[in-house]
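**Student:** The following block contains the structure, expressed as structure tokens.
FYI, it's all coordinate maths here, none of it is from the lab. Because the structure is predicted, anything quoted here is derived from the model rather than measured. As a convention, Cβ positions derive from the backbone with ideal geometry for all residues, glycine included, and neighbour counts pool all protein chains shown.
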């Protein structure tokens, strides 16, 4: 494949946060006046509305003060920090984490995803990817010139678990996929895989000797009634075939520091470090110091953060449910909502542009997550509560304007 | 190529900064007692001895205070910052820089190098790479499954310019290379390409329609008597075929923030942004704020920094010249010294390990930069002046101990 062809598949025009680079439409199909209200950018969380973990700024300044030793860590991150984080992640996930050889600090979970796939996939290799799932998963495989085998999440057809089509997953393994990548909770749906689904994924991966990369970015932000099963602690597959990815950019609002971690199989982590050496050397040295605050938040802080998000979720879900023809499953974790809109007179991308231009509401098209999700829109509801509710009122008004 | 084979070529065991991950030797061949003295790690600069730019910490805190808008910039970096940096880089390099479409902020210059090559090289593509040159250049091409065509720097055979073998460069283009990557000043030699060499590189690239990526990381740290020619301002090749890379990690000691920039051809920058979207999303948002201090240092600050480094250079060069059988060219820019040692009874890697274990001196093996440089060692002399001189005395003593 030529490098030109490769990049044609890597479009970012509709990726979250890139909307400012789009030209404005002519507004030819515009109906009615603009809808007033505080603009809300649902493409990512608002770290001004939900502030970074207390103490993070101070931890950062401690890092700057440490000077050279903090600026130049090993490529995989500072050794003392890795030991500390490993202990906390072991407690959180319920299985040992080797801070010396089994953990790497990366520039965000995006960095961890790229390094994990880069360490596991060469040109022509087959990789099983869930649809819908985080949009970069597919793009990373395409950049590596791997071959994606999609596995459907039949989330609309079930009321428990995430709805992974396990027969399709097995077929992907049978067809030669030796890597399976998925996010849990699922991005964009916010659904948590059931204990039974995780057990079956582990059993299948074990049977076919596949490596599973699980993106658990949102696994701390669990709502009332949800239970979470860590694949790495299932005991049903070899720890040498699991890489877990997490980071403090979302629930903890530490996005501005660009920090993530990957942990698990030492052989894979070693390759990830080799790759990090040529991709970005290391996560920013001073930023790494902020990880000392992770899983060490003040008493009650995480409970309050979860409660605030659960309240926003409940209000937004109720409002979407009043839109005739709109369907959605209630997210069990994380801060994404993924409603499917009724049929409209505008194409999905035109409607999303109209939402932004006429109603000051930015959302991410469902097609970023799966080619089969053209009626879906993803909202990161980690926003100011009142502004988010008002913005969803405007979405409802826009749907009514352009209803087919 | 299997992913296993690919990673066998990406060893980082001897890469600068990774020495702590090596097991200690048995010390079987040890001669004499350990040599006392302040340990010096010449594998990278000492940002405690040469402190970050004044105001950088404050600029960072301003970024943190700006909150969400600073945490979530476009993937290519904040728009206002890009405009500001573009103007300064245009003034520095002597040719226009388009801050909107022709510049990207990256996680360090390492990030810029990876993105530039990732945007230009697909599996099987041929890439001309200088020997010796920065070790990651070769590794990035290997990761991308490109084919490297080496071009020798005959720096020992000339006293002016860097000594690029232009006939070899033309042969590489004739053999199908459409990308040429080089660092200027050269890493590890610290030599600056002459105006004539740059003109000939531009003319050749133009004739064959090749894109040139030039890593100018150290182009601000020029010593007395050196003149620097910016390829992008040569007027001898299309601006659409040049990407220039710089960053504030070295001369300015801002390494802990992980910042770099690439600027030039908008079509390539656009691809680099698409790649950044899946590799690390963006340079850490808060860190980006520190770029506001770049090329805006207090009056006289850069002159003092250069003078301090020139004084260290002169003392170390004089000391190396007293080692019988040691050769080196005096670096004209940057903070690397690349002496070639006389023949020793230990293998080069064993000698380097002995240096570290017996003399507390860490250097990087020449073979990281070229397979033909097994007698070379690279030192980053951005260190405490007195400690660096004493460390080179210990290197001299160790050479005498193990002289063949």
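**Student:** Please report the spacing between the Cα centers of region B:47-91 and region B:368-388 in Å, no decimals.
**Tutor:** Computed from Cα coordinates, the inter-centre distance equals 31 Å.
**Student:** Which residue, B:346, B:113, B:181, has the most motion in a Gaussian network model of chain B that connects Cα atoms within less than 10 Å?
**Tutor:** Maximum fluctuation in the GNM of chain B, among the listed residues, is at B:346.
**Student:** Using Cβ counts within 10 Å as a stand-in for footprinting exposure, how do B:393, A:74, B:252, B:343 rank, fewest first?
**Tutor:** Fewest to most other Cβ atoms nearby, the residues stand as B:343, B:393, A:74, B:252.
**Student:** Could you compute the FRET efficiency for residue A:349 and residue A:302, with r as their C-beta to C-beta distance and R0 at 25 Å, rounded to 0.05?
**Tutor:** Approximately 0.10, to the nearest 0.05.
**Student:** Still on this structure: Starting at 0 and stepping by 20 Å, how many percent of the alpha carbon pairs of the protein assembly as shown end up in each bin?
**Tutor:** Calculated over all Cα pairs of the protein assembly as shown, the distribution is 16, 49, 29, 6, 0 percent.
**Student:** Here is a further query. In a GNM of chain B with a 10 Å cut-off on Cα contacts, which of B:305, B:329, B:174 has the highest mean-square fluctuation?
**Tutor:** B:174
**Student:** Another question, then. With an 8 Å Cα cut-off and a minimum separation of 6 or more residues, compute the relative contact order for chain A in percent.
**Tutor:** RCO, chain A: 25 percent.
**Student:** Something else: As an exercise, use a Förster radius of 22 Å and the Cβ-Cβ distance of residue A:207 and residue A:267 to find the FRET efficiency, rounded to the nearest 0.05.
**Tutor:** 0.60
**Student:** Just from its helices, what would the mean residue ellipticity at 222 nm be for chain A, if runs of 4 or more DSSP H residues each count -39500 (n - 2.57) and the sum is divided by every residue, rounded to the nearest 500 deg cm²/dmol?
**Tutor:** After summing the helix terms and dividing by the residues of chain A, the value is -11500 deg cm²/dmol.
**Student:** Say each of residue B:322 and residue A:30 gets a label point 7 Å from the Cα, pointing the same way as Cα to Cβ; how far apart are those two points in nm?
**Tutor:** A separation of 7.9 nm, rounded to one decimal place.
**Student:** Something else: Tell me the Kirkwood radius of region B:73-122: reciprocal of the mean inverse pair distance over distinct alpha-carbon atoms, in Å.
**Tutor:** Details: mean 1/r = 0.0863 Å⁻¹.
So the Kirkwood estimate lands at 11.6 Å.
**Student:** Mind telling me which of A:259, A:103, A:61 comes out most flexible in a GNM of chain A, alpha-carbon contacts under 10 Å?
**Tutor:** Greatest mean-square fluctuation among the candidates belongs to A:61.
**Student:** Send over the Kirkwood Rh of chain A, from the inverse of the averaged 1/r over different Cα pairs, rounded to one decimal Å.
**Tutor:** Result for chain A, one decimal place: 21.8 Å.
**Student:** Starting from the Cα of residue B:386, step 7 Å along the direction of its Cβ; do the same at residue A:372; then give the gap between the two resulting points in nm.
**Tutor:** With each label point 7 Å from Cα toward Cβ, the separation is 7.2 nm.
**Student:** What is the extension gain from residue B:240 to residue B:83, computed as 0.36 nm multiplied by their sequence separation minus the C-alpha to C-alpha distance, in nm to one decimal?
**Tutor:** Difference between extended and current length: 54.6 nm.
**Student:** Let me ask something else about it. Taking N as the number of residues in region B:153-299, what value does Rg over Cα atoms divided by 2.2 N^0.38 Å take?
**Tutor:** Working: Rg = 16.4 Å, N = 147, 2.2 N^0.38 = 14.7 Å.
In units of the 2.2 N^0.38 Å rule of thumb, it is 1.12.
**Student:** Can you bin region B:142-193 into rounded, prolate or oblate? Criterion: square roots of the alpha carbon gyration tensor eigenvalues sorted a ≥ b ≥ c, rounded for a/c under 1.5, prolate for a/b above b/c, oblate for the rest.
**Tutor:** Oblate, because a/c is 1.5 or more while a/b does not exceed b/c.
**Student:** If you don't mind, another one. Find every distance from the label point of residue A:80 to the corresponding label point in the other copies (7 Å from Cα along Cα→Cβ) and write them in nm, one decimal, shortest first.
**Tutor:** Relative to the other copies, residue A:80 has label-point distances of 3.7 nm.
**Student:** Got the residue B:65 label distances to the other copies yet, label 7 Å along Cα→Cβ, in nm, shortest first?
**Tutor:** Distances between equivalent label points, in nm: 1.9.
**Student:** Let me ask something else about it. Kindly provide log₁₀ I(q)/I(0) values, in the same order as q = 0.13 Å⁻¹, from the Debye equation applied to equal alpha-carbon scatterers of region A:282-404.
**Tutor:** The calculated log intensity ratios at q = 0.13 Å⁻¹ are -0.60.
**Student:** Can you tell me the 0 to 90 degree angle between the C-alpha axis of helix A:79-93 and the longest principal axis of chain A, rounded to 10?
**Tutor:** Relative to chain A, helix A:79-93 is tipped by roughly 60 degrees.
**Student:** Going by how many other Cβ atoms sit within 10 Å of their own, how do B:246, B:148 line up, fewest first?
**Tutor:** Ascending number of Cβ neighbours within 10 Å: B:148, B:246.
**Student:** Quote the convex hull volume per residue of region A:121-224, based on C-alpha atoms, as a whole number of Å³.
**Tutor:** Considering the Cα atoms of region A:121-224, their hull volume per residue is 91 Å³.
**Student:** Taking the label point 7 Å from Cα in the Cβ direction, how far apart in nm is residue A:8 from each other copy of itself, listed shortest first?
**Tutor:** In nanometres, ordered from closest: 3.6.
**Student:** Quick check: the angle from helix A:266-279's long axis to the longest principal axis of chain A, C-alpha only, nearest 10 degrees?
**Tutor:** 70 degrees
**Student:** Taking Rh as the Kirkwood radius, which is the inverse of the mean 1/r over Cα pairs, what is the Rg/Rh value for region A:56-293?
**Tutor:** 0.96
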